[in-house]
Amino acid sequence: MTGWEFWVVALCLGVGTALVLIRALVRASGAKPEGGADLAVYKDQLADITRDLARGTIRPDEAERLRAEVGRRVLEADRMQQSPPRPQAVLPIRLAPPLLILALALPGALASYWVLGAPGYSDMALAPRLQALEDGIANRPRQDAELEKLGTKRDAALDTRLAPELAAVTDPTALRDLFRQRLEAGEMQAAVRTQERLIALLGANTNAADHANLALALVVEAQGYVSPEAEAQLRETLTRDMSNELARYLVGEMFLQGGRFDKAFEFWRPIAETGNPAAPWVASIRDRIDAVAEAAGIQYALPETASPGPTDADMANAADMTPEERQTMIEGMVGQLSDRLASEGGPVEDWSRLITSLGVLGRADEAKAIYTEAKTKFEGRAAELAALAEAAKTAGLAP
């Protein structure tokens, strides 16, 4: 149904409904008592009483009572029929309330639809709409096409110059450092080629951070657009580490760009609620997740986040306790935090807190083991590694 056809049909239905209501109101306001019809009914009732008495289904005293009641109604009906009719309001006055309803109801309904509805939107059930969005995501432009549209087409001469230079580098650590330098310098094409060389060199030995970094470089190169090439790297990342926050953040961005707000919310919610506040993507997600949930039709309010484990306030309060009480409290909280990180993992902030707490307890060997494990978990993520190094320094370890 086209736009104008919808409005014509809606207007006709509205006017028709209003006319039916007006007709009913006018008839009700002008109705007169029909005493003649009532008298006929009461005469039939008297005849029924006589027949019931003859058959013996009612007693004589009950029949007398019923005749008296029907007789009273007959007199009332006769009085109403003989009395002069009450003066009726003139037609314009009787029509005033219905016309007021019509004047308010139709424009009000149209205005409500204009605000709450989707004027001009074609008929489409939920399943076809979701399928159309999925098709749009699957058929979105590739990286080169988007770069060309943005006016930042890749430099073929630069690729030719980079190829032998990168082929000569066989040290993965050197390639990771070179990628970081070029990413921070804004040399996005060179950063992409460097990370592609690292992944080709490592083959099956790549880690989640390697693929996440390539996806990040592709997204930055395309000015925030998540291309199919970036999506492929994000899939590789999440295959290796489903908890990788950077990858989950970029997957959410991809779904936002494709109109799948429900899936974006699904990927972003765990990060918004438990992610490391120091990570830049966590702040971005927390700023937008309420709007994403609303667009997805999900009732959601971002909860206040609190990191589990001993906080700075907990450590300060421990100063007022006896040495035995302080030791018991700290060891209990550290044990809970350690168990949770071992079974569920967690953000770098929690790992840093565990390292620091173990240092306070004098358990340097355990703190060192946790630090080593955390460095492996956050390998290739500069911000997280810096936070861990600071925690190790606070715990008295050599980072």
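Just to be sure before I move on: is Val169 among the β-branched types (Val, Ile, Thr), without any contact (Cβ under 8 Å) to a residue 60 or more places away in the chain and outside any helix (DSSP H, G or I) in the structure I sent? When the stated conditions are applied, Val169 passes them. Note on the range 187-272: enclosed helices (runs of 4 or more DSSP H) holding 2 or more residues that are within 30 Å of Pro164 (Cα to Cα) are 188-202, 208-221, 228-240.
Given the options Asp123, Asp144, name the one that is of a type in the set (Asp, Glu), modelled with pLDDT under 90 and outside the structural domain of Ala232 (by TED's automatic domain parsing).
Values: Asp144 fails: modelled with pLDDT under 90.
Answer to the check: Asp123.
Determine whether Leu214 is surrounded by 24 or more Cβ atoms within 10 Å (Cβ to Cβ), out of contact with any Leu (no Cβ under 6 Å at 6 or more places or on another chain) and either of a type in the set (A, V, I, L, M) or under 18 Å from Leu150 (Cα atoms) (or both). In short, yes.
Check the range 387-399 and report whether any residue there is over 27 Å from Glu184 (Cβ atoms) and in contact with a Phe, Trp or Tyr (Cβ under 7 Å, 6 or more places away or on another chain). Yes: one or more hits. Across the range 184-196, the qualifying residues are those that are surrounded by fewer than 20 Cβ atoms within 10 Å (Cβ to Cβ) and in contact (Cβ under 8 Å) with a residue 12 or more places away in the chain, and the one among them that is farthest from Thr376 (Cα to Cα) is Gln189. Residues in the range 354-376 that are surrounded by fewer than 19 Cβ atoms within 10 Å (Cβ to Cβ) and in a helix (DSSP H, G or I): Val360, Ala364, Asp365, Glu366, Lys368, Ala369, Thr372, Glu373, Lys375, Thr376.
The values are calculated or read from the model by the stated rules, or taken from the named source; none is laboratory data. Keep in mind that what you see is a predicted model, and the values were worked out from it rather than measured. Cβ sites come from the backbone with ideal geometry, for glycine too, and all protein chains shown count toward neighbours.
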